[in-house]
Amino acid sequence: MSSDGNSSACVGQSMGVASLTSRTLRLSGREFTVRLEPSYWEGLDEICHREDLTVDELCADVRERMEQQSRRTAQSGVSLANALRVFVVGYYRQAATERGHARAGHGQGRPFIATPFDTIPASSGN
């Protein structure tokens, strides 16, 4: 959904843990380059699809809200990339329900089910 055409994430298919990926966003008529892990870009793409927004529109709104918050609290220094990470986690935390956790197989002492770490065995001899 990104208007810049740089989206390479496949919705619904986790890319796992990977290096940061840059995208150029157009926010309020200006271009910004933001670096996030592919799983965060994937999450943003999924959220935008669900909310019928482009990535640029959503990121512009996050940036505006971040700036409003920093003016109210007289604190600054939070990058847009960090704000987007907090937003994505917060969005999915609000959407997580007990029923959804049960469907995902969570709550059975196996927290890595359906996460990027699902296929990596824990080391036994460290």
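The values are calculated or read from the model by the stated rules, or taken from the named source; none is laboratory data. As the structure is a computational prediction, the values presented were derived from the model and not from experiment. Heads up, the Cβs are rebuilt from the backbone with ideal geometry, glycines too, and the neighbour counts pull from every protein chain shown. Each accessible area value is taken on the protein alone, full model and side chains, heavy atoms only, with ligands, DNA and RNA left out. Shrake-Rupley method; radii C 1.70, N 1.55, O 1.52, S 1.80 Å.
Laid out as a table, the results:
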item: Tally, over the range 62-86, of residues that are under 19 Å from Gly29 (Cα atoms) and open to solvent by 80 Å² or more (accessible area, probe 1.4 Å); result: 2
item: Members of the range 37-61 that are buried (at least 17 other Cβ atoms within 10 Å of the Cβ) and among the charged types (D, E, K, R); result: Glu37, Glu42, Asp45, Glu46, Asp56, Glu57
item: Verdict on Thr24 being out of contact with any Asp or Glu (no Cβ under 9 Å at 6 or more places or on another chain), among the hydroxyl-bearing types (Ser, Thr, Tyr) and assigned to a strand (DSSP E or B); result: no
item: Whichever residue in the range 95-111 is assigned to a loop (DSSP other than H, G, I, E, B) and more than 19 Å from Arg50 (Cβ to Cβ) and, among such residues, is least open to solvent (accessible area, probe 1.4 Å); result: Gly105
